[in-house]
Structure formats: C-alpha cells, structure tokens
Amino acid sequence: MRYAYIGCFLLSLLMAGCFSNDDDSAINYIDLQVEDVFVFDDQTEYVVGDTIFFSQKFSRYIKEEGYNELLDIFETTKDNQFAYSFNVKKFSDFSNTYVNVSIDPEYIITSGESPTDYFFYNDYVTVAKLNEAEDAYESRVGVVLQEIGSFQLDLSFVYFRNGFDYNNKESVDLDIRHRFTSPNDAYKEFEVVEQQ
C-alpha cells in the first residue's frame, strides 16, 4: 500500500509538470482604457430613409496603468485596425424598454470593413483604422433608418480589439475599454417618423 501512495505522489508531480505553463506559451495581454472618443449627430428626429451617423477617434498613444510614458499601440501590436461593436435598439411598448433589433448589413455604412473573425457580445462589428497621419484610430458609422419608432444607439459596452493571433507567440492581445465620463452619454436616443 505504501508503494501505491508513493506511486500516486510521483505521478501527480509528473502530471503537474506536464500541465504547467512556461513563459514560451504565455499570452501577451494588455488592457487599456480610453474615454469619450465617440461623437453622435446632434439631430434627434429623422425620417425613414435618413442615415444616423456616429464617429470615433482615439490616439495611438495611450496611458498604460503603472507607466509614465504613453504606450504606442501600433508599435506594440503592429495592427493598423481595431474592431469594435455596437447595438441598435428600438423601444417596445410590450416590454416598456428598448430591445435589440436586427438590421440587415446593407443598411450599415462603415468607413472600413466589417470583420467576421472577432467575437463580440453586441450585434454589429466595425473597424477603427489607423488614419493617414498615423496618429489615431478612426471610424465613421452610419445606420440607414428603414422604419418608424423610437430608437437608441447603444455604446455602453465597447471594447476595441486587435486581430490577436493565438498561434503567433510574438502577437500581443490588446483590449481597449471605452467608457463615457457620464454613463448616460453611451446612449443616443432618436425618433424616426414617416416621410411627409
């Protein structure tokens, strides 16, 4: 019986060594934050067929917690674009709240492509691209409005994510959390009415 305990102990040491994580396989992960980078149209009433736009811009140099110098995210990741997502909601009398609506992608206008290889909780994915001056990541998004009602653009849970490659040990997984200084600013409410 004593040999069985010794055998189990040695086996468990061997297994622990097999499943330990060495530095070569560790994921390079950085988590940053930006504030108030979105700008909405001032307009609050639209007619069917109009387009509501919003834009965003954040610097490629971002404060990293614990460091005095700004982090150059382009130099760090070598990525010239970051994907992010947003929601469009419509007010429902039945539930007395805003609920997510599905919009055909042909009614989404973006300044970049809509990547499919990113995972997001929100419905629509677009791209913030490094601008020509190479000092900021920018995007402009429009939604062509096709029905009447009370709507809301929801940017309350936005993460800018790079195209991290799990198979490339040199790749850096960089998430940039966005937050609004005033949480209510994350929602843009607007009305869509019939054309007259």
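Coupling constants for segment 56-68 follow from the phi torsions by the Karplus curve (6.51 cos²θ - 1.76 cosθ + 1.60, θ = phi - 60°), and in residue order they are 8, 7, 9, 5, 6, 10, 10, 5, 10, 4, x, 10, 7 Hz; glycine and proline get x. Under the simplified labelling scheme, the SER111-ASN131 pair shows an inter-label distance of 0.7 nm, with each label point 7 Å from Cα along Cα→Cβ.
Taking amide H as placed 1.01 Å from N in the peptide plane, the amide H of TYR98 sits under 5 Å from that of SER92, each at least 5 places away or on another chain. Residue-wise HN-Hα couplings along segment 136-153, as the Karplus relation 6.51 cos²θ - 1.76 cosθ + 1.60 with θ = phi - 60° gives them from phi, are 7, 9, 9, 7, 9, 10, x, 10, 7, 8, 10, 8, 7, x, 9, 10, 8, 7 Hz; Gly and Pro carry x. Within the assembled protein chains, the solvent-accessible surface assigned to TYR61 is about 100 Å², based on a 1.4 Å probe. Remark: spin-label model distance GLU147-ASP185 equals 3.2 nm, labels positioned 7 Å along the Cα→Cβ axis. Amide H contacts for GLN33 (H built 1.01 Å from N in the peptide plane; partners 5 or more residues away or on another chain; cut-off under 5 Å): ARG177.
Take the Cβ atoms of LYS90 and GLU65, set R0 to 30 Å, and the FRET efficiency comes out at 0.20.
Using the Cβ-Cβ distance between ARG177 and VAL47 with R0 = 41 Å, the FRET efficiency computed as 1/(1 + (r/R0)^6) comes to roughly 0.70. Taking 45 Å as R0, compute the FRET efficiency from the Cβ-Cβ separation of GLU35 and GLN195 and round it to 0.05. Calculated transfer efficiency: 0.75.
The values are calculated or read from the model by the stated rules, or taken from the named source; none is laboratory data. Keep in mind it's a predicted model, so treat the numbers as computed, not measured. Neighbour counts are summed over all protein chains in view; Cβ atoms, including those assigned to glycine, are modelled from backbone coordinates with ideal geometry. We work out accessible area using only protein heavy atoms, side chains counted, and drop any ligands, DNA or RNA first. Shrake-Rupley method; radii C 1.70, N 1.55, O 1.52, S 1.80 Å.
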